[in-house]
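Student: The structure that follows is given in the form of structure tokens.
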């Protein structure tokens, strides 16, 4: 079996397990589990890891169905990737597979707990092992902390990290609710991160046209 066929087979087998998972429900973390189906795309070379599904994703049933998906797609456009690359060539996943619900404070969504992330982590580890991507995009502080250790966004966004034989590029949370990008110095860090992504697009032969960075 060729490596791409083996990858597709491993990921296809994971879909049923993800959809059948009720660990957070039986553990009392969620009233009703609704795992998001992994999207099977042909030979992805980038994996993008977010925090958790939001309410729009929960309703529509695919990753980054809400505003964050639009932001991320636009960011990849800025880094020189061709139209629709975000949906067609990037394997989209997250630390947890079910919408955690709204925050008790009423301000945004509830971040998944460490226990919930631990229950979902085997799925994520298997995806990374099956795809073995040269580049992983970490979106939001929870995803960054999970793989690079706890540190401020200002210490990670705009840099590329090499761990476990692959490259990791941190990005800020892509929701319009986030206030982090309100600060000009943080927007400059995002610009720097997208410049690094444009460089890696070429160096790793990830496809795309020459980058034209927006300001």
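Each value in this text was obtained by applying a stated rule to the coordinates, not by laboratory testing. Worth saying up front: this structure is predicted, and the values here are computed from it rather than measured. Don't worry about glycine lacking a Cβ; one is built from the backbone with ideal geometry, like all the others, and counts go over all protein chains shown.
Student: Given Cα positions, please report Rg to Rh for segment 95-180, the hydrodynamic radius being the Kirkwood one.
Tutor: On the Cα set of segment 95-180, Rg over Rh gives 0.97.
Student: Also, quick follow-up: Between residue 151 and residue 12, what is 0.36 nm times their sequence separation minus the Cα-Cα distance? Round to one decimal in nm.
Tutor: Contour length minus Cα-Cα distance gives 46.6 nm.
Student: How much FRET efficiency would the formula 1/(1 + (r/R0)^6) give for residue 183 and residue 203, where r is the Cβ-Cβ distance and R0 is 25 Å, rounded to 0.05?
Tutor: Computed FRET efficiency for residue 183 and residue 203: 0.25.
Student: If each residue of separation counts as 0.36 nm, what is the full-extension length gain between residue 34 and residue 121 once their alpha-carbon separation is subtracted?
Tutor: 29.7 nm
Student: Evaluate E = 1/(1 + (r/R0)^6) for residue 41 and residue 110, where r is the Cβ-Cβ distance and R0 equals 45 Å; express this FRET efficiency to the nearest 0.05.
Tutor: With R0 = 45 Å, the Cβ-Cβ based efficiency is 0.95.
Student: Moving to a separate point now. If the viscosity is 1.002 mPa s and the temperature 20 °C, what Stokes-Einstein diffusion coefficient in µm²/s follows for segment 3-203 when Rh is the Kirkwood radius over Cα pairs?
Tutor: D = 124 µm²/s.
Student: Same structure again: What number, rounded to the nearest 500 deg cm²/dmol, is the helix-based mean residue ellipticity at 222 nm of the chain, given -39500 (n - 2.57) per DSSP H run of at least four residues and division by all its residues?
Tutor: Calculated from helices alone, the mean residue ellipticity at 222 nm is -13000 deg cm²/dmol.
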